[in-house]
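Derivation of every value follows stated rules applied to the coordinates shown; laboratory data play no part. Only a predicted model underlies this, so the values are computations on that prediction, with no experimental measurement involved. Note: ideal-geometry Cβ built from the backbone for every residue, glycine included; neighbour counts use all protein chains shown.
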Amino acid sequence: MGVNPAIEWRLAPLVARGVRAEYVTTAAADPQIAATRDRLRTAAEVARLDASDASREEVIEWFRSLPIDHQTEVTILWPHDRAGARLRYDDFVTLYDDLWYPSADDAWVVDSGGEWVLELDHEEIFTLNVIV
C-alpha cells in the first residue's frame, strides 16, 4: 500500500519548512501499532495532561518537561489511519498541533526502543506511559 493521503498532507507542510520527517507506510506501521497496543497493556503511567483547556504554549511546555531526550527520533503512529511518521521528538513538540487534531485523532508517539509511549487522545488527554 502506498502513502496514506491523510498523513501525507500533514507531513508535506513540515517537510516544506525543512523538518526531516519520514512517512511510515501501512505495511511498516501495522506491526508497530500491534506491538504498541500490546505494550500499553503492561504500561505504567508516568505523567498525564488534560489539554482541553491548555494553551498551545502550556502543551509544549508539558511535552518539554517529560523525561524524553529531545533529539531522539520518534515514530508517531495514527492507529485509525494505519500509518505513521518518523521525526525528532523536538520537531514533534514544536509542531504537534500540525500532526494531531483534537476530537479527530488518537495518536501514539513511541521511541525506537519500545521503552515508552506518549498517547494523544482525541479527547485531549495526553499520557506518557513507561513499558514495564
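Where in the range 2-120 are the strands (runs of 3 or more DSSP E), entirely inside, with at least 1 residues that are free of Cβ contacts under 8 Å to residues at least 40 places away in the same chain, surrounded by fewer than 17 Cβ atoms within 10 Å (Cβ to Cβ) and touching a Leu at 6+ places or on another chain (Cβ under 9 Å)?
73-78
Here is a yes/no grid of residues against (1) basic (Lys, Arg); (2) within 18 Å of GLU123 (Cβ to Cβ); (3) touching a Gly at 6+ places or on another chain (Cβ under 8 Å):
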residue: ARG20; (1), (2), (3): yes, no, no
residue: VAL24; (1), (2), (3): no, no, yes
residue: GLN32; (1), (2), (3): no, no, yes
residue: ALA35; (1), (2), (3): no, no, yes
residue: ALA43; (1), (2), (3): no, no, no
residue: ARG48; (1), (2), (3): yes, yes, no
residue: ALA51; (1), (2), (3): no, yes, no
residue: SER55; (1), (2), (3): no, yes, no
residue: GLU58; (1), (2), (3): no, yes, no
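I need the full set of residues from the range 60-114 which are at positive phi and not small (Gly, Ala, Ser), in order please.
ARG82
Conditions: (1) within 23 Å of VAL15 (Cβ to Cβ); (2) among the hydroxyl-bearing types (Ser, Thr, Tyr); (3) assigned to a strand (DSSP E or B). THR127 meets all but one. Number of the miss?
Among (1) within 23 Å of VAL15 (Cβ to Cβ); (2) among the hydroxyl-bearing types (Ser, Thr, Tyr); (3) assigned to a strand (DSSP E or B), the lone unmet condition for THR127 is (1).
Residue pairs, Cβ under 8 Å, 6 or more apart or interchain, first in the range 121-132 and under 13 Å from GLU45 (Cβ atoms), second surrounded by 15 or more Cβ atoms within 10 Å (Cβ to Cβ) and among the hydroxyl-bearing types (Ser, Thr, Tyr). List them.
Listed by first residue and then by second, the contacts come to ASP121/THR127.
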